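**Q** A single structure is presented below for examination.
Each reported figure results from applying straightforward, stated rules to the coordinates on display, with no laboratory input. Here the structure is a predicted model, which means the values were calculated and not measured. Virtual Cβ from ideal backbone geometry, glycine too; neighbours counted across all protein chains shown.
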């Protein structure tokens, strides 16, 4: 494992869970997630057994049945986070919504990274293996309002030859 590790809770399809630390870069190799559990043992969990992997703020949630505290699994309205708004149905029938990055990471790799609906909860990020995704729906592509610009001068139609645009003729001459 690499030197940089993140706190994570791995929820299995059998409803069991394992808490520990995963590598920040490459935690999934050869169809298994490598996890350093809280007792200090390296555990390999096959992706076919994993429902989701939650990157969490802390392990001391006090809840034995829901340590990731992923209470809200759907958005109340349209999310405001930039990315691709996804709705996933898993093989066990559960539906999860989240926002994924609008880049190649959405289709590459062994799973999908999502920002959950409630970013203030214990779960900061969610990774769902492709093996457990039964249905994936792209609900919307959300872009930043700062990126929306007016059409540039290169895209505006040029004035007819021999005529000046109205903006140029109205401007006073500063230099002769």
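**Q** How do the peptides 32-45, 85-98 rank, highest first, by the average count of neighbouring beta carbon atoms within 10 Å per residue?
**A** Going by the mean number of other Cβ atoms within 10 Å, highest first, we get 85-98, 32-45.
**Q** What's the FRET efficiency of residue 134 with residue 60 using the Cβ-Cβ distance as r and R₀ = 45 Å, to the nearest 0.05?
**A** So, using R0 = 45 Å, E works out to roughly 0.85.
**Q** Classify region 6-63 from the C-alpha gyration tensor, please: rounded if a/c falls under 1.5, else prolate or oblate depending on whether a/b exceeds b/c.
**A** oblate
**Q** Counting just the Cα atoms, what span does region 1-151 cover along each of its three principal axes? Round to the nearest Å and put the largest first.
**A** Projected onto its principal axes, the Cα set of region 1-151 covers 57, 29, 28 Å.
**Q** Same structure again: Can you tell me how region 83-124 classifies by the Cα gyration tensor, rounded, prolate or oblate, using a/c under 1.5 as the rounded cut?
**A** Taking the square roots of the gyration eigenvalues as a ≥ b ≥ c, region 83-124 is oblate.
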